[in-house]
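The values are calculated or read from the model by the stated rules, or taken from the named source; none is laboratory data. No experiment lies behind these values; they were computed from the predicted model shown. Don't worry about glycine lacking a Cβ; one is built from the backbone with ideal geometry, like all the others, and counts go over all protein chains shown. For the accessible areas, the whole protein counts, side chains as well, though only heavy atoms, and no ligand, DNA or RNA atoms are used. Shrake-Rupley method; radii C 1.70, N 1.55, O 1.52, S 1.80 Å.
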Amino acid sequence: MVRFTVYGEPKAKGRPRVSMRKSGDGEKTFAKAYTPKATVLYENQVKTEYGNQCDNFRFPDDAMLDVRIFAFYGIPKSITKAKRQKMIEGKIRPVKKPDFDNIAKIICDSLNGIAYRDDAMIVDGMFRKYYAEQPRVEVSIRQIGGDEE
């Protein structure tokens, strides 16, 4: 099992963007898809944190994996002390963006070819959202099945 933390507010996987341009003679139009800069930066942060905290461990190419993701959102500054305490205790949890599936997507896609061959190897998972004083995303990955379970 490996565990690592990505510090900062949880981020979502951005949708690909498309830019259009015309050829020099203006006869043809070309479309180019690209990944938004914020997504690229966060994916690089995930890769760096994984490499530093997990010594670049890579699961076998035929492994079945279980991923657990805990997203901790920062507590808003303009909140009452009572509400703040309930957020810290987990009695009030985030019902705001980014959505759980987009956070899981950016984390799992970032680790393709690094922690595992492909995120298609993930056969089980869990995702939870909480508030915390220090925003972050905590991730654990373990191999399941066979001798590992």
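Annotation for segment 23-95: GluC sites (Glu not before Pro) lying in DSSP loop with at most 13 further Cβ atoms inside 10 Å of their Cβ are E27, E89.
I'd like the FRET efficiency for N102 and V123, computed as 1/(1 + (r/R0)^6) with the beta carbon distance as r and R0 of 22 Å, rounded to 0.05. Efficiency computed from Cβ-Cβ geometry: 0.60.
The heavy atoms of I114 present about 50 square angstrom of accessible area, all protein chains included, probe 1.4 Å.
Bridge orientation summary for the chain: considering DSSP beta bridges with both residues in this region, about 65 percent are antiparallel.
According to the square roots a ≥ b ≥ c of the eigenvalues of the Cα gyration tensor, what is the shape class of segment 84-123, taking rounded for a/c under 1.5, prolate for a/b larger than b/c otherwise, and oblate for the remainder? Because a/c hits 1.5 or more and a/b exceeds b/c, segment 84-123 counts as prolate. Oblate is the label for the chain. Its Cα gyration tensor axes, ordered a ≥ b ≥ c, give a/c of at least 1.5 and b/c at or above a/b. Segment E138..D55, full-extension length gain: 28.2 nm, with 0.36 nm per residue of separation and the alpha-carbon distance subtracted. Taking all protein chains into account, the per residue accessible area for the chain stands at 63 Å² (1.4 Å probe).
Can you flag which of K22/K47; K28/K105; K32/K97; K37/K129; K32/K77 are past 31 Å Cα-Cα? Intermediate values should be presented prior to the final figure.
On the way: K22/K47 36 Å; K28/K105 35 Å; K32/K97 28 Å; K37/K129 25 Å; K32/K77 40 Å.
In this structure, K22/K47; K28/K105; K32/K77 lie more than 31 Å apart at Cα.
For M121, the solvent-accessible surface computed with a 1.4 Å probe is close to 10 Å², ligands and nucleic acids excluded. Given the -39500 (n - 2.57) contribution per DSSP H run of 4+ residues, what per-residue ellipticity at 222 nm results for the chain, rounded to the nearest 500 deg cm²/dmol? Mean residue ellipticity, 222 nm, calculated: -8000 deg cm²/dmol. Ligands, DNA and RNA left out, the accessible area of segment 42-149 computed with a 1.4 Å probe is 47% carbon and sulfur.
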